[in-house]
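Enquirer: Here you go, one structure.
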Amino acid sequence: MQFVIGRNALQKELAFVQGVVERKNTIPVLANILIESAGEDSIRISGTDLDVTIRCDVDAQEIKSQGAICVQARKLFDIARLLPDAPVSFRKEDNEWVTVECDRSKFRLPGISKETFPELPGFKSTPLKLPASLLKTLIDRTIFAITQEEGRYTLSGAKFELDKKDVKMVTTDGHRLAYVSTKNDSKDSSGELDVLIPRKTLAELTKLTSDFDGDISLGSDENHVYFQIGSRLLISRLLSGQFPNYEMVMPKNNDRSAMFDTAALNQAVRRVALMADDRSHAIRFHLSKEQLLISSQNAEEGEARETLETDFAGE
């Protein structure tokens, strides 16, 4: 295989793919990425840890010969970051070695056979549609409440529900619950989805959707969920088990509501949290008709109080 690609395009796609590459040495082959030709004028870069897979298709400046190479992901990414802004040439040699050249720089990297790289799943379901910006908003507003405890498997991700009318995402660590529900405004959406998505997958989706405008295609099968984001495909294993019945703990007849300036509330919480107990990290909210009192106390270091104006409705 031999091809030429722009340095910026190469670095951008490698940054996405190497985020899922296995960095522990439990299965050495997973520290590599697969680069293969995908038609006459594009290449495909794939990486996986067997739980999450990212596959990126990117235009090449020239493909001199078809084929595939498999090299260490982190090393190639580190090289690409430091290369000058010039075309980068790849050439596969005997015994799977790969030569990388850019301007006056030249590197030789040991590779492995494509046959040793895991076979990657493809998009197997009828796709649904969802605006990328909406998916990113759902993740940003819920990912903080996912548990960090390894033993609580079903809480180590988000419950994601999608139908023709609504989109929901729910997370909880057993102490906090984050719930976001909004209308599905995509005109090209049909079918339903109800899956448990791991935290790592959500983090990678945030990166993939950060600079993408438009709808993404998504779907699932018995074991995987698929997200097609432009020329990039993310495939993730689903979490198994039963997510808690979150609707049981959500108030049904709540007649109380309060409006805050979000920026002011955020800054006040950060200031008061400086004096919170080191173990519980607890801060107290006391809500009255016209103001919110935020306070914290640490037996050894002192206490903090701050008030915010609020528009409170209810008894």
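The values are calculated or read from the model by the stated rules, or taken from the named source; none is laboratory data. Here the structure is a predicted model, which is why all the values come from computation and not from measurement. Glycine also receives a Cβ, built like all others from the backbone with ideal geometry; neighbour counts cover every protein chain displayed.
Enquirer: Can you say whether Arg279 is at negative phi, in contact (Cβ under 8 Å) with a residue 12 or more places away in the chain and basic (Lys, Arg), as far as the supplied structure shows?
Expert: It is false that Arg279 is at negative phi, in contact (Cβ under 8 Å) with a residue 12 or more places away in the chain and basic (Lys, Arg).
Enquirer: Looking at Leu292 and the list (1) among the aliphatic types (A, V, I, L, M); (2) without any contact (Cβ under 8 Å) to a residue 40 or more places away in the chain; (3) in a helix (DSSP H, G or I); (4) surrounded by 14 or more Cβ atoms within 10 Å (Cβ to Cβ), which single condition is not satisfied?
Expert: Of (1) among the aliphatic types (A, V, I, L, M); (2) without any contact (Cβ under 8 Å) to a residue 40 or more places away in the chain; (3) in a helix (DSSP H, G or I); (4) surrounded by 14 or more Cβ atoms within 10 Å (Cβ to Cβ), only one is false for Leu292: (3).
Enquirer: Hey, another quick one. What single numbered condition from (1) out of contact with any Leu (no Cβ under 9 Å at 6 or more places or on another chain); (2) under 17 Å from Asn32 (Cα atoms); (3) surrounded by 13 or more Cβ atoms within 10 Å (Cβ to Cβ) fails to hold for Asn95?
Expert: Just one mismatch for Asn95, condition (3).
Yes or no, residue by residue, for (1) without any contact (Cβ under 8 Å) to a residue 60 or more places away in the chain; (2) more than 23 Å from the chain's Cα centre (by Cα):
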| position | (1), (2) |
| --- | --- |
| Lys24 | yes, no |
| Pro28 | yes, yes |
| Ala38 | yes, yes |
| Ser46 | no, no |
| Asp49 | yes, no |
| Thr53 | no, no |
| Gly67 | no, yes |
| Val98 | yes, yes |
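Enquirer: Confirm whether Ile33 is at pLDDT 95 or above and either in contact with a Leu (Cβ under 9 Å, 6 or more places away or on another chain) or surrounded by 18 or more Cβ atoms within 10 Å (Cβ to Cβ) (or both).
Expert: yes
Enquirer: Among the numbered criteria (1) touching a Gly at 6+ places or on another chain (Cβ under 7 Å); (2) under 30 Å from Ala15 (Cα atoms); (3) among the aliphatic types (A, V, I, L, M), which one does Met275 miss?
Expert: (2)
Enquirer: Go through the residues of segment 117-128 one by one and say whether even a single one is surrounded by 15 or more Cβ atoms within 10 Å (Cβ to Cβ), of a type in the set (Gly, Ala, Ser) and within 16 Å of Asn32 (Cα to Cα).
Expert: Checking segment 117-128: not a single residue is surrounded by 15 or more Cβ atoms within 10 Å (Cβ to Cβ), of a type in the set (Gly, Ala, Ser) and within 16 Å of Asn32 (Cα to Cα).
Enquirer: Still on this model: Could you list all residues from segment 261-284 that are of a type outside the set (D, E, K, R), surrounded by 13 or more Cβ atoms within 10 Å (Cβ to Cβ) and under 18 Å from Arg176 (Cβ atoms)?
Expert: Those that are of a type outside the set (D, E, K, R), surrounded by 13 or more Cβ atoms within 10 Å (Cβ to Cβ) and under 18 Å from Arg176 (Cβ atoms): Leu265, Val269, Val272, Ala273, Ala276, Ile283.
Enquirer: Residues of segment 55-87 being touching a helix residue (DSSP H, G or I) at 6+ places or on another chain (Cβ under 7 Å) and within 11 Å of Gln2 (Cα to Cα), which ones?
Expert: Ala68 - this is the single residue of segment 55-87 that is touching a helix residue (DSSP H, G or I) at 6+ places or on another chain (Cβ under 7 Å) and within 11 Å of Gln2 (Cα to Cα).
Enquirer: Pick out, from segment 184-283, the strands (runs of 3 or more DSSP E) lying fully within it that include 2 or more residues that are within 23 Å of Ile146 (Cβ to Cβ) and β-branched (Val, Ile, Thr).
Expert: Where strands (runs of 3 or more DSSP E) fall fully within segment 184-283 and carry at least 2 residues being within 23 Å of Ile146 (Cβ to Cβ) and β-branched (Val, Ile, Thr), they are 193-198, 224-229.
Enquirer: Looking at (1) out of contact with any Asp or Glu (no Cβ under 8 Å at 6 or more places or on another chain); (2) assigned by TED's automatic domain parsing to the domain that holds Leu177, which one does Ala264 not meet, given that it meets all the others?
Expert: The number of the failed condition is (2).
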